[in-house]
Amino acid sequence: MSLLELIQEAQEALSRLLHNLFVSIRQLTRHTHSRGRRTTWRTDDILQREDGPLFAAEIGSELQKQFAILPGGRGINGSPIIVFPEFPTFSELEEEEIQNVLSYLTSVPSVAASGVGFILVIDRRLDRWAAVKATLLRIAGSFPGILHLVLVLRPTTLLQRTLSDFLFKYNKDEFKMKVVMLSSVTELHAYIDPGQLTTELGGTQEYCHDSWISHRTAIEAFALMVKTTAQTLQAFGTELAETELPNDAEATTNLLHTHTLKKDKMKEDLQVALSQGGRLLECINEPLQTDPEYNMTHDELENLATVQRLLGQLDETETAFDDFWERHRTKLEQCLQLRHFEQHFREVRAQLDVTLERLSGFSEVSVSPVHAEHVLRELNGHEEKACEVLDYALSLAGEGDRLIENSHYAEDSIRPKCIELRGVCEEISSTLRSKKSLLLRAMELHHALEKASRWCEEGIFLLASQPVDRCQSQDGAEAALQELERYLDTAPLHTLTDRSAICCQYEAVLTTQLRDQIEKVFQKQSSVQEMFEKRRVSLKKLAAKQTRPVQPVAPRPEVKSPQSSPNQQRKERRYSADNTICKKVESPVHNGSTRHASLSEEEENLAVLRRHVMNELLETERAYVEELLCVLEGYAAEMENPAMAHLIPSTLLSKKDVLFGNMPEIYQFHKRTFLKELEAYTDYPELVGRCFLERMKDLQIYEAYCQNKPRSESLWRQCSDCAFFQECQKKLEHKLGLDSYLLKPVQRITKYQLLLKELLKYSKGCDGCDDLQEALSSILGILKAVNDSMHLIAITGYEGNLSELGRLLMQGSFSVWTEHKKGHAKVKDLARFKPMQRHLFLHEKALLFCKRREENGEGYEKAPSYSFKHSLSMSAVGITENAKGDNKKFEIWCNSREEVFIVQAPTPEIKTAWVNEIRKVLTQQLKACRDASQQKSSDSVSPTPTSNNSSISLSPFRSSTQKNQKKQEEKKVEPSPISDTNSSSSPKHKGWNKASLSVDASEENDGYSSGEDPMNSDPEDEVGKKLAPGKYTVVADCEKAGPQELSVKSGDVVQLIREGEEGQWFVKNLRSSKEGWVAEANLLSLISESKSSQSLSSSDDSVSGNLSTSSSCSETYTSYSDIKP
C-alpha cells in the first residue's frame, strides 16, 4: 500500500471521527422551534444551523428569574418535566423572554425524550384564577415543544378555588392542550413520582438553579470548544490533503516547518479541549463523590454520557490526527530527501560530465621520458580530482539505495538515477585505467629507448676517452680492448634486440614520433656496435705480439741563438714531435689506412657528441616552453579569473605586467619561432649557430625582462604568502613557488652560451664553426648588455636622459683620485692620499662617475644602486694609459689637464680593457673629425700653401715661442661647429686645424690625442704608434713568463734589438747584460725613452713624422676640443 493511500485512509478515519464528534455536540446543543399552535421539530446540526443555538450564557438574565425550570425529572412515560414555580409577575414578562427560556429548556433533553412530549407543572397555589388563565394562555401560545400534559396546582383560597373549578370547565377548550387542575401536591404525586419532583412540590429531588445554570454554561462552552477544534482539524486535514509537494528543497523545508507549527497549534487546542472536558466531567460527578447514594437525574445522566462520549471521541480524533500527521510529515520529509537527492544528483552529474570531458580530451601521447612523467603527473592529478567526484557520486548512489530500502514513495525516480551514477563512474574509472596503462607502457618504452640511447652515448664517450698514445703500446692496447669487451658485455642489459617485437609489444602506444625514435635508437645501436667492432679490430692488431725493429736516432743538438725567438723554438719542438709520431705511424703495423681509420673514428665521435649537445638543447628548449606556458596559464591567466579574484591581495591588483614582465612575448617567440627553427637543425648541430645569428635581435627581448626583474622580485616578496599563489601552486602541483619559475628566462639566456661553447668544442674544423663562434660572441654580448643594463637602471640623480649618451660600452668599480690645476696645492696631495670609490659607466658620448650605495634586502632587492656624481663628455676627454708607480692605474683628463682623474682598476687586465675601449671611442671620434675636415676642405676654395705648414712640430715638447704663438692664434680662431653640448664639466670648446699639433711641454704627462692632426695619425692602428729599435728606460717591474723571456725592473735601461714573430721583441738589459724576449704589449707599458731622443714612430701614407715620448714614458690621448689653434 502506498503512502498516499495510507494518508487517504487516515483522512477518512479522521472524517468519521469528526462526524461522530459533531453528532455528540448536536445532542448537547439541540433545540426545537414551535410557532403558534403548530409545533415543528428541527434537529439541525449545530455546525450547519443558520440561526445558531441559544446558550445559557446568552439568556443568563432570563434564566436567573427562574419563572421556568428544568429540574431533570421524568414522567411515568419518560416525558421531561418543566416546572413553572410561583412567579407573581409572570404576566409582566415579555413574550421574547418567555419564548427564549422555553426554547432553551426544551432543547436540553435528548431527542428521544423530547419526542415523547413535555409535562408542565404550573404551581399557582398562591395566585388568582385570572393569573392562572393568563399563564396557561401564554404558555399554550409560545411553548416550542410537544406538550404531553399540563398539571396546574390551582389557587388554595376558597374563593379562587371555587372560581377556578367553575371557570376552568367553562374555558377548558380555549387552552388547546391537556390541562389537569390539581388541588394539592398529593394529587400531583398521582401523576408524577415524588422522586422526580423537587422538594417545593413535595418530592425528594434536590435542585439548585444556580448550579444548574453553571453546569449548562460549562457544558455549552465545552461543546463550542469542541466544535471549533473539530472545524480547525477538518480544515487543516483538508489543507494537508490538498497540498502539492514543492519542486525544490528550500520550499519543501519551509512547507514542512509551516505545517509543523500548525500541527503543534492543533495539538495545543486538542489538549485544552480534553483538559476542559475532564474538568467538566469532574463537576458532573461531584455529587457522586460527596454522596455515593446520590441518584442523578435523567438530564444529568445524559450530560454525563454525552461528555464522556465526546471526550472519548476527542481522544480517538487526536490519535487519528497524530497518525495522519505522522504520515504527512513522513511524506514531506521523503519529499525533502528527494529534492536534496535530485539537487546533489544534478551537481555531481555536472562534475562527472566535466571530468569525463577532461579525460576524453586528455592526450596520453608523450615524446620523451620527461614529457611522459609530466603527462603522468597531470593524469594523476586528474585522477585525484576524479576520485573525489567518484566517491561523492557513489556515496550519493548509496544514499539513493537507502531511500529505496526505506520505502520511499519516489522509488521509480530514484533507482534510474542511481544506476546512471554508477554507470558514469565506471566509465570514468575505466577511462582512467586505460589512459594510465597506456602512459605507463609509453613510459616503459621511453625508458627502454633512453636506456639504450644512454648506453650508446656512454660507449661513444668510452671510445672518445681512450687516449691514442696509450693504445700504441701492447699493454695499453690490451687494456683498452678489455675495457671494450667489458662494456660490450653490458649490451644485453641495456640495448634493444628485436625491432618487430618492440613494435608489437608497444603497438597500443606507438605514434609516428615514437616509431621514428625507435628507428633512430636501432640505427644508433648499429652505428655504435660498428664503431666498437672497428676499434676492437684495431686494438687486436695493436695487442698482437710481434717483434718491432729498433731504430736508433741520434740526438739533435739544441742550438741556442739569441737571434731565434721562443716561438720559433716552440715550432721546432712541435716539428720534432710530429716527426716522431710520423715515424711511429710508418712502422710495419701502422700503415696509412690505420691512421685514416683513427681520424674517421674521431670525427664520428665528435659528431655523436655534437648530436648529444643538440639533443640537450632541444629537450631543454621544449621543457622551457612548457614551463613558460604553465606559468602563463596557471598564474597570469588566473589573475583574470573572477573565481580567484577574492584571493588576490590589493597590492597585486593590476600588477600582472610588473610581476611577469614580457614573459608572454618571450613565450610566443620561443613557441612559434625559435623552437621550430632549432628543430630544423636536429641533424645538423654544427650549423645551429646560423639560427642563433638570425634570431639574435629577437633574443634581445631578454634585456627588457631582466631590467624588470627587480620590480617583479620586489612585488613577489610583498605577496608571496598570499592565498592566490598558494592556490595556483596547489592546482599546478608545483613543488617550487612562482619565484623559481620567474627566474627561468634569466637561466635560459645564460644556458645558451654554455651549450654553444660545448658545440663549438666539438665542431672544430666544421662548416659552421665560424657561425658558432660568432653566435657565442653575440650571446655573450647580450649577457653583457643585460648585466650592464641592470646596473644602468640603478643610477639615481642623473637629470638628463641616459639614452642620449649612446650605447653603454663598459661599467665597473674603481678607486679614483682627482687633481685640479687651479686651487690650493694641498687639494692635489689630499686627493692622492685618499681615493674615492666610484662606479664608472662608459657610454659612446659620456663617462659617468657614480657612487655605489649600500645593498639592502634579499635577492634582486639586494642589487646595488648608484648615485650620480659627475660626468665627462667623451668629446672633451683625454687619457694617459700608464700612471706612475702602478700598472693598474690610468688617467682621464679634460680641459688641457685642468681636471685629472687618476683611476685604479682592480686588476691590470681590467685596466687594459678599459683603456682599449676608451681608445676605440677616441679613435672613432678622430676619424669622424678627419672625415668632417676633409669634407669641409673639399667644399671650400683650394687653399695655397702657407708658412703654417712649415711650422708643424711633431714633438710632444713645446717651446715658449710656440705657446705664445698659440695664444695669439687663439684670439683669431672662430668657434668650430664640432663641439659637444652634452658635456657637464666644460664650456663649449673651440675647433681645431692642421696647425695645432704642438702640445704644452710643461705638462707632467703629455702626449697626443684624438684631436691630433688627421694627417699625422693612423686611425687603423689605434692612433698609429709603433715600437722601434733603440734604448728605453723601464718604469715598472716585469717578471719573465718563460725560460726564454727577460725580466726587468723599474729604472733599468733596455735596448730593443729586433722584432720577432707573434708580437715578441728581442731585448737586452744594459744594466744586467742579459738578453731575452719580451712581449710587445708589455713593452708599451714598461719602457720610457732615454735621453738619447729615440722615438716611437707614427706614419701615414702621405705624411710621416716622429712623436717622441715624454719623461714618464706614458702614452696620452686627448680630445679635439682641448687643442687650440
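The values are calculated or read from the model by the stated rules, or taken from the named source; none is laboratory data. From a predicted model like this one, the values you see are computed outputs, not experimental measurements. Here Cβ is always computed from backbone atoms with ideal geometry, including for glycine, and neighbour counts include all displayed protein chains. Quick note on the areas: whole protein, heavy atoms, side chains included, nothing else; ligands and nucleic acids left out. Shrake-Rupley method; radii C 1.70, N 1.55, O 1.52, S 1.80 Å.
Within segment 631-666, restricting attention to residues that are in contact with a Leu (Cβ under 8 Å, 6 or more places away or on another chain) and among the hydroxyl-bearing types (Ser, Thr, Tyr), the residue that is farthest from residue 716 (Cα to Cα) is 635. Given the condition farther than 20 Å from residue 616 by Cβ, of a type in the set (Ser, Thr, Tyr) and not in a helix (DSSP H, G or I), answer yes or no: does some residue in segment 717-733 qualify? There is at least one residue in segment 717-733 that is farther than 20 Å from residue 616 by Cβ, of a type in the set (Ser, Thr, Tyr) and not in a helix (DSSP H, G or I). For a quick check of your reading of the model, give me the residue pairs whose first member lies in segment 498-509 and is of a type in the set (Lys, Arg), whose second is open to solvent by less than 40 Å² (accessible area, probe 1.4 Å), with beta-carbon atoms closer than 8 Å and at least 6 apart or on different chains. Every condition considered, the pairs that remain are 499/518; 499/522.
Residue by residue, here is whether (1) among the charged types (D, E, K, R); (2) within 52 Å of the chain's Cα centre (by Cα) holds:
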| site | (1), (2) |
| --- | --- |
| 467 | no, no |
| 476 | no, no |
| 479 | no, no |
| 483 | yes, no |
| 495 | no, yes |
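Scanning segment 429-452 for residues that are crowded, with 20+ Cβ neighbours inside 10 Å and within 39 Å of the chain's Cα centre (by Cα), we see that the one that is farthest from residue 529 (Cα to Cα) is 432. Among the residues of segment 188-199, none qualifies, meaning not one is among the acidic types (Asp, Glu), assigned to a helix (DSSP H, G or I) and either open to solvent by 20 Å² or more (accessible area, probe 1.4 Å) or modelled with pLDDT under 80 (or both).
Checked against the criterion of being over 26 Å from residue 669 (Cβ atoms) and loosely packed, with under 15 Cβ neighbours inside 10 Å, segment 747-757 contains not a single residue that satisfies it. In a residue-by-residue description of segment 682-692, the property of being among the small types (Gly, Ala, Ser) and outside any loop (DSSP other than H, G, I, E, B) applies to at least one position. Summed over segment 489-511, the residues that are within 23 Å of residue 367 (Cβ to Cβ) and open to solvent by less than 40 Å² (accessible area, probe 1.4 Å) give a count of 8.
Within segment 784-811, the set of residues being of a type in the set (Val, Ile, Thr) and touching a strand residue (DSSP E or B) at 6+ places or on another chain (Cβ under 7 Å) comprises 795, 796.
Taking the listed residues 344, 328, the one that is under 30 Å from residue 419 (Cβ atoms) and open to solvent by less than 70 Å² (accessible area, probe 1.4 Å) is 344, with no other qualifying.
When residue 245 is tested against (1) without any contact (Cβ under 8 Å) to a residue 60 or more places away in the chain; (2) touching a Cys at 6+ places or on another chain (Cβ under 8 Å), just one condition goes unmet, and that condition is (1).
Does at least one position in segment 476-488 carry a residue that is within 27 Å of residue 354 (Cα to Cα), without any contact (Cβ under 8 Å) to a residue 60 or more places away in the chain and surrounded by 13 or more Cβ atoms within 10 Å (Cβ to Cβ)? Within segment 476-488, not a single residue is within 27 Å of residue 354 (Cα to Cα), without any contact (Cβ under 8 Å) to a residue 60 or more places away in the chain and surrounded by 13 or more Cβ atoms within 10 Å (Cβ to Cβ). Taking segment 696-729 as the range and being open to solvent by 50 Å² or more (accessible area, probe 1.4 Å) and in contact with a Phe, Trp or Tyr (Cβ under 6 Å, 6 or more places away or on another chain) as the test, only 698 passes. Looking only at residues of segment 798-829 that are open to solvent by 70 Å² or more (accessible area, probe 1.4 Å) and small (Gly, Ala, Ser), we find that the one that is modelled with the lowest pLDDT is 825. For segment 672-690, the set of residues classified as within 37 Å of the chain's Cα centre (by Cα) and buried (at least 17 other Cβ atoms within 10 Å of the Cβ) consists of 674, 678, listed by residue number.
Taken together, 243, 260, 306, 290 contain a single residue that is open to solvent by less than 70 Å² (accessible area, probe 1.4 Å) and under 27 Å from residue 108 (Cα atoms), which is 306. Could you give me the residue pairs with C-beta distances under 6 Å whose first residue belongs to segment 183-197 and is within 15 Å of residue 120 (Cα to Cα) and in contact (Cβ under 8 Å) with a residue 24 or more places away in the chain, whose second residue is among the basic types (Lys, Arg) and not in a loop (DSSP other than H, G, I, E, B) wherever it lies, and which are 6+ apart or on separate chains? Going by the 6 Å Cβ cut-off, the qualifying pairs are 196/74.
Looking only at residues in segment 113-122 that are farther than 16 Å from residue 297 by Cα and among the small types (Gly, Ala, Ser), the one that is surrounded by the fewest Cβ atoms within 10 Å (Cβ to Cβ) is 115. Within segment 239-253, identify whether any single residue is farther than 27 Å from residue 112 by Cα and in contact with a Pro (Cβ under 6 Å, 6 or more places away or on another chain), and answer yes or no. Among the residues of segment 239-253, at least one is farther than 27 Å from residue 112 by Cα and in contact with a Pro (Cβ under 6 Å, 6 or more places away or on another chain), which makes the answer yes. Looking only at segment 614-639, count how many residues are acidic (Asp, Glu) and farther than 18 Å from residue 668 by Cβ. Going through segment 614-639 one residue at a time, the tally reaches 3.
Taking the criterion of being farther than 30 Å from residue 345 by Cβ and acidic (Asp, Glu), would at least one residue in segment 242-251 satisfy it? No, every residue in segment 242-251 fails to be farther than 30 Å from residue 345 by Cβ and acidic (Asp, Glu). Could you tell me whether any residue of segment 835-843 is modelled with pLDDT under 85, open to solvent by less than 40 Å² (accessible area, probe 1.4 Å) and within 49 Å of the chain's Cα centre (by Cα)? No, that holds for no residue.
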